[in-house]
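Since every read-out is calculated from the coordinates, none of them should be taken as a lab result. Just so we're clear, the structure is a prediction, and the values are computed from it rather than from any experiment. Cβ sites come from the backbone with ideal geometry, for glycine too, and all protein chains shown count toward neighbours.
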Amino acid sequence: MAAARTSRLTDYPRPNVAVDIAVLSVVDATLCVVVQRDDDGTAMLPGRFIRERRTVADTVGEVLQLKLGLSPDHIHPHLLRVFDDPDRDPRGWTISIAHAVALPAAQLTDVVGELVPVTPAGTLTSGEVLLYDHTQIIAAATDSLRERYEDRPDPDNLLPQPYTLSELRELHEAILGRRLMRDSFNRRVQPLLAPQTDATGSPVTRAAGGRPARLYAKDGPPTATFGWKLPSRDDG
């Protein structure tokens, strides 16, 4: 005899659903993530359970505003993936819809939390272990960030424009976690940038410890890419 079918949703177990956000930035040529701390002082990512009749997008905005003290206007977090290990939270069955966002350091001066360095693998440089599976979320966030920065010049606008090619390369090195070949990098990015000129048509430059360097801003469609992986300095 076939089992009776049910259409009552209350007959099925339901997990708690949360949103966790990894906020990344580059500070002093170092990739960092914003962490907060629970009552025991354990590092964790900012997050929030989805309240009744609220959407994921609503909750993302609430985490940014209520937990981090950031205005959600003009911030566009990237959806990473769902973290759904049934044992990820010892308090109970909880899934996390994890997001990441990269913001300039200047926008995080008053953020609620600490900007701490992370390794290219997404772990805290200090070796500190985060709450639950938040280390895995940071690793996914840094992977996503590196994929974007292998493809286009500063796609998340972490550098104020205009900038020099050296400043742009150093940003990419901090995010990718490796040194890049200067000449090869310049050949890749220059077709995607516009050299800045003044009212007379003369190049705009900035002195950065040595001879003046030309300033550039983004040019062309935002979908334009480098074409292939940026070569590391030790690639020969």
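Listed values, structure above:
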item: Total charge dipole magnitude, the range 94-197, about the Cα centre, Cβ charges on Lys, Arg, Asp, Glu only, Debye to nearest 20; result: 460 debye
item: Structure-based [θ]222 nm, the chain - -39500 (n - 2.57) summed over DSSP H runs of at least 4, per residue, nearest 500; result: -5500 deg cm²/dmol
item: Simple Cβ-charge dipole of the chain, Lys/Arg +1 and Asp/Glu -1, about Cα centre, in debye nearest 20; result: 640 debye
item: Average Cα contact separation per residue, the chain, under 8 Å, 6 or more apart, as relative contact order %; result: 19 percent
item: Charge dipole magnitude, Cβ of K and R +1, D and E -1 - the range 165-235, Cα centre, debye nearest 20; result: 120 debye
item: The chain: angle of helix 134-149 to the longest principal axis, Cα-based, in degrees nearest 10; result: 30 degrees
item: Rounded FRET efficiency, nearest 0.05, which uses the C-beta distance separating S232 from V82 and R0 of 30 Å; result: 0.35
item: Stretch gain in nm, segment S7-E147, where the contour uses 0.36 nm per residue and the Cα spacing is subtracted; result: 46.1 nm
item: Translational D in µm²/s for the range 165-235 (Stokes-Einstein at 37 °C, 0.692 mPa s, Kirkwood Rh from C-alpha pairs); result: 245 µm²/s
item: At 1.002 mPa s and 20 °C, Stokes D of the range 115-178 from Kirkwood alpha-carbon radius, µm² per second; result: 168 µm²/s
item: Where Rh is the Kirkwood radius over Cα pairs, Rg/Rh for the range 32-109; result: 0.96
item: Unit charges at the beta carbon, dipole of the chain: most positive-side option, S25, P117, H134; result: S25
item: Stokes-Einstein D in µm²/s, Kirkwood radius over Cα pairs - the range 95-145 at 37 °C with 0.692 mPa s viscosity; result: 272 µm²/s
item: Normalised contact order of the range 18-131, rounded percent, pairs of Cα under 8 Å and 6 or more residues apart; result: 36 percent
item: The range 112-228, Cα convex hull volume normalised per residue, Å³; result: 152 Å³
item: Where N is the number of residues in the range 3-60, Cα Rg divided by 2.2 N^0.38 Å; result: 1.77
item: Farthest positive-ward along the chain dipole, Cα basis, beta-carbon charges - from G201, L70, A105; result: G201
item: Using distinct alpha-carbon pairs, which all enter the 1/r mean, Kirkwood radius of the range 14-149 in Å; result: 15.0 Å
item: Relative compactness, the chain, computed as alpha-carbon Rg over 2.2 N^0.38 Å; result: 1.22
